[in-house]
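The values are calculated or read from the model by the stated rules, or taken from the named source; none is laboratory data. Predicted model only: the values in this text are computed from it and were never measured. Note: ideal-geometry Cβ built from the backbone for every residue, glycine included; neighbour counts use all protein chains shown.
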Amino acid sequence: MRTHVLVAAVVAAVAAAAAPAARASSPNPQIAGLQVALREQGLYRGAIDAVSGPETVAAVRAFQRSHGLRVTGLVDARMRTALGPLGRPLFGARTLRHGDFGWDVAVLQFLLARQGIEVPVNAYFDRPTLRGVRTLQRRLHLKADGIVGADTLASLVKRDPVPLARRRTVLVSRRTHVVKPGESLWVLAKRYHTTVAKLAKLNHLNLARPLLVGAKLRLPAARKIAVQPVADRTESVTSVVSLLDRWAAHYGVPARLARALAWMESGYNNSLVSSVGARGIMQIMPGTWQYVETVLIGRKVSHDASGNVRIGVAYLHHLLSDFGGNERLALAGWYQGEASVRQQGMLAVSRRFVADVLALQLRV
């Protein structure tokens with residue numbers, strides 16, 4: 001199955017995923033992308049289960065109300081645009097690589113987790129996700145390059161089907177293009193959303209020979225895909241981003257750094273508890289919580305979302321202060337332990353964590 005076929009299928013799959021909640025019982029991986037985007041908005045606190053249940057449906061409507069969109073309960077292109085970087089692109093619309101960020105990355109991570117591969121579902125193609133992709137590729141006897149292209153996409157969908165909705169594909173009449181100076185098959189393939197191989201095959205071209213100026217090339221028939229909109233109140237909940245920005249301003253910590261660290265740790269999920277007991281949005285260990293309360297703040301802090309963020313940001317401020325404002329060392333101290341960084345320097349595993357958080361802060 002080629003990439004453009006997958007695109008048509010999965011775009012339509014989003015439409016099917018929004019059936020009324022009463023009928024939504026089977027997972028549709030595309031909904032995992034939607035749930036992560038809604039969680040980032042502070043509107044969804046349920047599990048990333050790819051099921052369009054009552055909480056997901058309610059969060060969609062709440063988002064539409066808060067952004068001045070028609071409250072249809074349907075996730076259309078306007079809503080996905082309003083969701084920002086996490087609202088696009090849909091899974092299957094591009095090749096995915098380390099460093100990518102978006103809806104499709106969240107879907108990829110959900111699919112990997114469904115295969116028993118432990119990865120975070122945070123919409124960021126980080127190093128754990130890269131390792132997860134390579135693990136899957138080795139299982140499937142594919143080239144373990146960590147790149148999710150046509151073959152890996154097709155294998156993923158085959159192993160864990162993305163439900164398909166009814167769709168209408170309209171073929172548009174075949175077009176032609178007259179080659180102009182400076183143009184190449186690669187440039188034309190990108191412009192017309194096709195591949196060099198398809199252009200060469202359609203026009204019987206030898207790729208070893210230069211493209212002649214003035215040559216008339218046939219272009220693959222365009223396809224217009226009519227897609228049903230995605231489906232389906234919840235009370236508005238406190239936005240995690242607002243909490244992060246509030247406490248970052250209070251403690252004088254860069255807001256984007258706090259956001260990126262929180263997203264890396266939990267995906268803004270306050271109900272998350274790690275296998276070692278780290279809790280909440282900032283993934284705070286009990287000992288760290290007690291230290292921040294007794295030493296840094298000097299008072300008890302409520303064990304809710306706001307309290308979790310406050311503890312985390314206060315501790316991040318402490319680390320930044322102790323390391324002279326050096327964000328890399330402060331993040332390493334967060335991950336590795338302050339004393340360990342001073343005694344051993346930044347470990348390799350800490351360097352990867354730090355690099356991911358610093359890259360992520362450009363996207364959140």
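For this structure, a couple of remarks:
- Test for T81: is it surrounded by fewer than 20 Cβ atoms within 10 Å (Cβ to Cβ) and either among the polar types (S, T, N, Q) or under 19 Å from Q109 (Cβ atoms) (or both): yes
- If the condition is being within 16 Å of N269 (Cβ to Cβ) and not in a loop (DSSP other than H, G, I, E, B), then region 38-59 contributes L38, R39, E40, E55, T56, A59.
- Members of region 87-137 found to be in contact with a strand residue (DSSP E or B) (Cβ under 7 Å, 6 or more places away or on another chain) and surrounded by fewer than 19 Cβ atoms within 10 Å (Cβ to Cβ), listed by number: T95
- Scan of region 264-319 for residues that are in contact with a Phe, Trp or Tyr (Cβ under 7 Å, 6 or more places away or on another chain) and aromatic (F, W, Y), ordered by number: none
- Only one of the listed residues (V295, V309) is buried (at least 19 other Cβ atoms within 10 Å of the Cβ) and modelled with pLDDT of 90 or more. That residue is V309.
- Residues in region 326-364 that are of a type in the set (A, V, I, L, M, F, W, C) and buried (at least 18 other Cβ atoms within 10 Å of the Cβ): 12 in all.
- Tabulated pairs, region 322-344, first within 14 Å of E265 (Cβ to Cβ) and outside the structural domain of A278 (by TED's automatic domain parsing), second hydroxyl-bearing (S, T, Y) and assigned to a helix (DSSP H, G or I), C-beta under 6 angstrom, 6+ apart or interchain: none
- Only residues that are at pLDDT 75 or above, part of a loop (DSSP other than H, G, I, E, B), at negative phi and out of contact with any strand residue (DSSP E or B) (no Cβ under 7 Å at 6 or more places or on another chain) were counted in region 153-193, giving 4.
- Pairs where the first residue, in region 51-66, is surrounded by fewer than 21 Cβ atoms within 10 Å (Cβ to Cβ) and the second is small (G, A, S) and in a helix (DSSP H, G or I), C-beta under 7 Å, 6+ apart: G53/A21; P54/A21
- Residues (modelled with pLDDT of 85 or more, of a type outside the set (K, R), closer than 15 Å to W103 by Cβ and part of a helix (DSSP H, G or I)) located in region 60-84: V60, F63, M79, T81, A82, G84
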